[in-house]
Amino acid sequence: MPKYHGFTLIELLITISIIATLSAIGFVSYSIVMKQGRDAKRQSDLRSIQSALEQYYADQFSYPVAPLPASGNPLESLDNSKTYLNQMPTDPNPSNSYCYAQAGNSYELCAKLEVVPSPPQSCSNPCNGYNFKLTPP
């Protein structure tokens, strides 16, 4: 009886299926981690803008009228004598943007998170559809 060296078809199929399963689990985990990372950046950006808005309010006794400066531009005082935020942050997804709505002595800063917070937060007009918001402390 001859001796064969190598793997049987069943052994190869089992090995391939195990590798495919582990790869799928890794891809899903990587995708979730990337979404959480982008959401953390969004929340950090909004907190930076919120801090600048509070400094602005302390000096000007009102919040800036919407809209805020475009991304990349500074947030400055009315007479451009003081800069509160050197560069307006941008959403990690180029097709999204942050939303700012000002009403009297209050405002809403909103972002679209990829992992919906629990409980979900809703923003009012003109920021409908955003699911994370910050208001004055």
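Working note: 222 nm ellipticity from helices only, DSSP H runs with n ≥ 4, each -39,500 (n - 2.57), summed and divided by the residues of the chain, gives -14500 deg cm²/dmol to the nearest 500. Comparing 106, 95, 62, which has the greatest mean-square fluctuation in the GNM of the chain with Cα pairs linked when under 10 Å apart? Looking only at 106, 95, 62, the biggest GNM fluctuation is shown by 95. Our estimate of slack between residue 105 and residue 81, defined as 0.36 nm per intervening residue step minus the Cα-Cα distance, is 6.4 nm. Annotation: amide H-H contacts under 5 Å for residue 107 (H modelled 1.01 Å from N, sequence separation of 5 or more, or interchain): none. For the chain, the equivalent ellipsoid derived from the alpha-carbon gyration tensor has semi-axes of 52, 15, 10 Å in decreasing order. Spatially, the stretch 1-28 and the stretch 35-94 are offset by 54 Å when compared through their Cα centroids.
The count of lysine pairs in the chain whose Cα atoms are under 24 Å apart, excluding pairs fewer than 8 places apart on the same chain, comes to 5. Debye calculation, C-alpha points only, no solvent: report log10 I(q)/I(0) for the stretch 33-74 at q = 0.20, 0.33, 0.34 Å⁻¹, in the same order as the q values. Log-scaled intensity ratios, in q order: -0.71, -1.11, -1.13. Under the convention that each Lys and Arg Cβ holds +1 and each Asp and Glu Cβ holds -1, the size of the dipole of the stretch 41-108 around its Cα centre is about 200 debye.
The slack in the chain from residue 135 to residue 16, taken as 0.36 nm per residue of separation less the alpha-carbon distance, amounts to 37.6 nm.
Left without a cysteine partner by the 4.7 Å Cβ rule in the chain: not a single residue. If the chain linking residue 70 and residue 4 were pulled fully straight, counting 0.36 nm for each residue of separation and taking away their Cα-Cα distance, it would gain 16.7 nm.
Comparing 64, 95, 26 along the charge dipole axis of the chain, the residue lying farthest to the positive side is 26, per the Cβ-charge model. For residue 56, neighbours were defined as the other residues whose beta-carbon sits under 14 Å from its Cβ, and their charges (Lys and Arg +1, Asp and Glu -1) total -3. Here each label is just a point 7 Å from Cα along the line to Cβ, and for residue 115 and residue 29 those points are 1.4 nm apart.
The numbers here are math on the coordinates, done by the rules we state, and not lab data. Treat the numbers as computed from the prediction; the structure is a model and nothing was measured. Here the Cβ is made from the backbone with ideal geometry for all residues, glycine too, and neighbour counts use every protein chain on show.
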